[in-house]
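Structure record follows, encoded as structure tokens.
The values are calculated or read from the model by the stated rules, or taken from the named source; none is laboratory data. Keep in mind the model is a prediction, meaning the values are calculated, not measured. Backbone-built Cβ (ideal geometry, glycine too); neighbour counts: all protein chains shown. Only protein heavy atoms, including side chains, enter the accessible area calculation; ligands, DNA and RNA are left aside. Shrake-Rupley method; radii C 1.70, N 1.55, O 1.52, S 1.80 Å.
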Amino acid sequence: MTHHSEKELKWPEGDKLRPGLYIVATPIGNLRDITLRALDTLKMVDKIACEDTRVTGKLLKAYDISKPTLTYNDHSDEKKRRDIISAIQNGQSIALVSDAGCPLISDPGFKLIRDLTKEDIYVTSIPGASAALTGLQLSGLSSDSFCFIGFLPSKQKARQDNLKEWEAVSSTLIAYETGPRLLASLKDIRDVLGERRVCVARELTKMFEEKRSDYVFEHIAYYEVNGAPKGEIVLVIEGAKQKIWDDEQLIE
């Protein structure tokens, strides 16, 4: 058990943060899943860099936080990164948030962190909610070793090729998927990885949170009858079993 000193539990004195980038995790659904430290940080930074200012605006409004925001996402260019770096070098503190969960986990931002590190600029993380880890916790599958493989490709050939790369991995696999593509992805998982146990977790932390754990063929049968589910989905896939090779396979 970790013991925290009274000093650690208190926010630093004063209302000014050290110039730098603060990577702030935000809720994945339920707005109450934000840490006290994240709220303190968002209230104290000079600016907030958002994946989508409209989405972040709802969170800020819910907690009565009024700060200048700017857009930083997959489409941001090097100039936008330089602007952020210049602002920090001029003494500003900037928070980086994504639409939901931990920034940089299947979200933009790694190029910015890389550039800040090259410039020896202060970067820290305020941890919090993660859809991938929440899905893993709920899955009932082994969590001793796991691989997060991000969003599965939207095209079938690319998706199957991607899954083949993970075919022999014994660790539990975690992927993100959307409702409309779920059935096609489940069929590719069956065809490429074989009959494994899969947990389909969706709407995590929200009112209609749902978790279905079963063999992949059972999921396929269910969604063929009931149609595509709504919401963003976490797929947790059982790892590969140790393979027994016969002489013919070894020679091949």
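Observations, loosely collected:
- Each residue of the stretch 32-40 was assigned a 3J(HN,Hα) from its phi angle through the Karplus curve 6.51 cos²θ - 1.76 cosθ + 1.60 (θ = phi - 60°); the sequence is 6, 7, 10, 7, 4, 5, 5, 5, 4 Hz, with glycine and proline shown as x.
- Span from the the stretch 186-252 Cα centroid across to the the stretch 103-177 one, whole angstrom: 17 Å
- The order of C102, C50 by accessible area, most exposed first and with a 1.4 Å probe, is C102, C50.
- Positive-end residue of C199, H75, M44, charge dipole of the chain with Cβ unit charges: M44
- Positive-end ranking of L186, S213, G91 along the dipole of the chain, with charges on Cβ about the Cα centre, is headed by G91.
- Accessible surface of the stretch 122-191, 1.4 Å probe: 51 percent of it comes from carbon and sulfur atoms.
- Evaluated with a Cβ-only charge set (Lys, Arg +1; Asp, Glu -1), the stretch 112-252 carries a dipole of roughly 500 debye about its Cα centre, given to the nearest 20.
- Looking at the chain, the DSSP beta bridges with both ends there are about 50 percent antiparallel.
- Around the Cα centre of the chain, unit charges on the Cβ atoms of Lys, Arg, Asp and Glu (plus for the first two, minus for the last two) sum to a dipole of about 920 debye.
- Accessible area in square angstrom per residue, the chain, 1.4 angstrom probe: 59 Å²
- Taking the C-alpha atoms only, the angle from helix 78-89 to the longest principal axis of the chain is near 40 degrees.
- Accessible-area composition of the stretch 26-73, carbon plus sulfur, in percent [1.4 Å probe]: 48 percent
- Going by accessible surface with a 1.4 Å probe and the largest first, E218, E177, E232 read E232, E218, E177.
- The chain: calculated mean residue ellipticity at 222 nm from DSSP helix runs of at least 4, using -39500 (n - 2.57): -10000 deg cm²/dmol
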